[in-house]
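Chemist: Below is a structure I'd like to ask you about.
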């Protein structure tokens, strides 16, 4: 009996290699996964770079890294850099000092501030310069500078004193802080305030780091925290600063509240523990030791609104500068280059406001708050 022979079909070349389709699909899946992992953050980063509102490339990049899991790394690098670059020199760089002519003290001028003891005084140190005048004809703003750091006498802090009987303050939300777009001012000084604008200055930390809340324009954007340092604006535009729930609180007359960390000046003196920052009361661990741009605000015994800002300040020397300026209760505002700005304004020939910096070394730009800005700030105009 003859058996029928059936030839086995020759394996296809592809089969000889052991089913390549699986590995090929695997490779494409891996490539696709890598591309997806790259594309998602790339799109997010591009959005950060193109988000509406003024902010430098560096600021946008650093904040994007912070917001995407890199806050610890950024804090570590900032702590290392700023704490290891202490200021040097026995006197300030003349280019860092205001050049305006000091004013003969009048009845409305704040008391002259003490020069740093034990070192030669810099020209104009602690002597007030009159700024824009109010409807009464008296200056609504005075500015000067102090040196609050005995160990580093080259450090300068600019000081501005606003007469609240002549000005009113408005808290303006930025395009990104506290909650993004949708606020009525569009992140800039409102048109209605520009003809009487006296000053504008930065607010506090980003809300994720501020350990506090934000209220403005009839909205509670971020809940307020008991015990937080709070800059409170009433419906007349008058500012007070205090600890929420103890010195200040909600009432029918409250129009806006900006909280940031905890008070750094109370009873006219720096509060204890600033150099330790136990429990992160004043921000991330060791940030209090950084020699960096810092700013703060408070009120003095006469009810003036006081702003202080300067480079190479630690948290303790910022508090000392506020106390030296007569502040009875004060709080830290924002820190680091590009975050600290105080502008006073004069009018151009067309009536538009022209900004001048409190200190020549402040980064600016002078029109910062006259265009949409990502960060919230305070605008001060004549009553």
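The values are calculated or read from the model by the stated rules, or taken from the named source; none is laboratory data. Only a predicted model underlies this, so the values are computations on that prediction, with no experimental measurement involved. Positions of Cβ are generated from backbone atoms using ideal geometry, with glycine treated the same way; all protein chains shown enter the neighbour counts.
Chemist: Whether any residue in the stretch 277-300 is part of a loop (DSSP other than H, G, I, E, B), closer than 26 Å to residue 188 by Cβ and modelled with pLDDT of 95 or more is what I want to check. Don't jump to the end; show me each part of the working.
Modeler: Narrowing the stretch 277-300 to residues part of a loop (DSSP other than H, G, I, E, B): 277, 281-286, 290-291.
Checking which are closer than 26 Å to residue 188 by Cβ leaves us with none.
Within the stretch 277-300, none of the residues are part of a loop (DSSP other than H, G, I, E, B), closer than 26 Å to residue 188 by Cβ and modelled with pLDDT of 95 or more.
Chemist: In this structure, is residue 354 surrounded by fewer than 18 Cβ atoms within 10 Å (Cβ to Cβ), without any contact (Cβ under 8 Å) to a residue 60 or more places away in the chain and more than 13 Å from the chain's Cα centre (by Cα)?
Modeler: Numbers: surrounded by fewer than 18 Cβ atoms within 10 Å (Cβ to Cβ): yes; without any contact (Cβ under 8 Å) to a residue 60 or more places away in the chain: yes; more than 13 Å from the chain's Cα centre (by Cα): yes.
Answer is yes for this residue.
Chemist: Do we find a residue being within 13 Å of the chain's Cα centre (by Cα), crowded, with 24+ Cβ neighbours inside 10 Å and in the same structural domain as residue 143 (by TED's automatic domain parsing) anywhere in the stretch 316-332? Write out each step before concluding.
Modeler: Narrowing the stretch 316-332 to residues within 13 Å of the chain's Cα centre (by Cα): 331-332.
Going one step further and asking which of them are crowded, with 24+ Cβ neighbours inside 10 Å, we end up with 331-332.
Cutting the leftovers down to in the same structural domain as residue 143 (by TED's automatic domain parsing) gives us 331-332.
There is at least one residue in the stretch 316-332 that is within 13 Å of the chain's Cα centre (by Cα), crowded, with 24+ Cβ neighbours inside 10 Å and in the same structural domain as residue 143 (by TED's automatic domain parsing).
This table checks each residue for (1) free of Cβ contacts under 8 Å to residues at least 24 places away in the same chain; (2) surrounded by fewer than 19 Cβ atoms within 10 Å (Cβ to Cβ).
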| site | (1), (2) |
| --- | --- |
| 187 | no, no |
| 204 | no, no |
| 211 | no, no |
| 214 | no, no |
| 227 | no, yes |
| 234 | yes, yes |
| 247 | no, yes |
| 256 | no, no |
| 261 | no, no |
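Chemist: Being surrounded by fewer than 24 Cβ atoms within 10 Å (Cβ to Cβ) and either outside any loop (DSSP other than H, G, I, E, B) or at pLDDT below 95 (or both) is the filter here, so list the residues in the stretch 338-351 that pass it.
Modeler: Within the stretch 338-351, the subset surrounded by fewer than 24 Cβ atoms within 10 Å (Cβ to Cβ) is 338-339, 346-351.
Across the stretch 338-351, the qualifying residues are 338, 346, 347, 348, 349, 350, 351.
Chemist: Can I ask one more? Residues in the stretch 332-353 that are within 26 Å of residue 58 (Cβ to Cβ) and touching a helix residue (DSSP H, G or I) at 6+ places or on another chain (Cβ under 9 Å): how many?
Modeler: Residues in the stretch 332-353 being within 26 Å of residue 58 (Cβ to Cβ) and touching a helix residue (DSSP H, G or I) at 6+ places or on another chain (Cβ under 9 Å): 8 in total.
Chemist: Here's another thing I want to ask about it. It is to be established whether one or more residues within the stretch 198-217 are outside any strand (DSSP E or B) and farther than 27 Å from residue 251 by Cα. Don't jump to the end; show me each part of the working.
Modeler: Initially, the stretch 198-217 is screened for residues outside any strand (DSSP E or B), giving 203-213, 217.
Those still in the list that are farther than 27 Å from residue 251 by Cα too: none.
There is no residue in the stretch 198-217 that is outside any strand (DSSP E or B) and farther than 27 Å from residue 251 by Cα.
Chemist: Further, regarding this structure: Within the stretch 177-185, is there a residue that is modelled with pLDDT of 95 or more, farther than 17 Å from residue 353 by Cβ and crowded, with 21+ Cβ neighbours inside 10 Å? It would help to see each step written out before you state the result.
Modeler: Within the stretch 177-185, the subset modelled with pLDDT of 95 or more is 177-185.
Okay, now just the ones that are also farther than 17 Å from residue 353 by Cβ, so 177-184.
Filter once more, so that each one left must be crowded, with 21+ Cβ neighbours inside 10 Å: 177-178.
Yes, the stretch 177-185 has at least one match.
Chemist: Could you list all residues from the stretch 76-115 that are exposed (fewer than 14 other Cβ atoms within 10 Å of the Cβ), in contact (Cβ under 8 Å) with a residue 60 or more places away in the chain, touching a strand residue (DSSP E or B) at 6+ places or on another chain (Cβ under 9 Å) and within 26 Å of residue 305 (Cα to Cα)?
Modeler: Once the filter is applied, which keeps residues that are exposed (fewer than 14 other Cβ atoms within 10 Å of the Cβ), in contact (Cβ under 8 Å) with a residue 60 or more places away in the chain, touching a strand residue (DSSP E or B) at 6+ places or on another chain (Cβ under 9 Å) and within 26 Å of residue 305 (Cα to Cα), the stretch 76-115 yields only 114.
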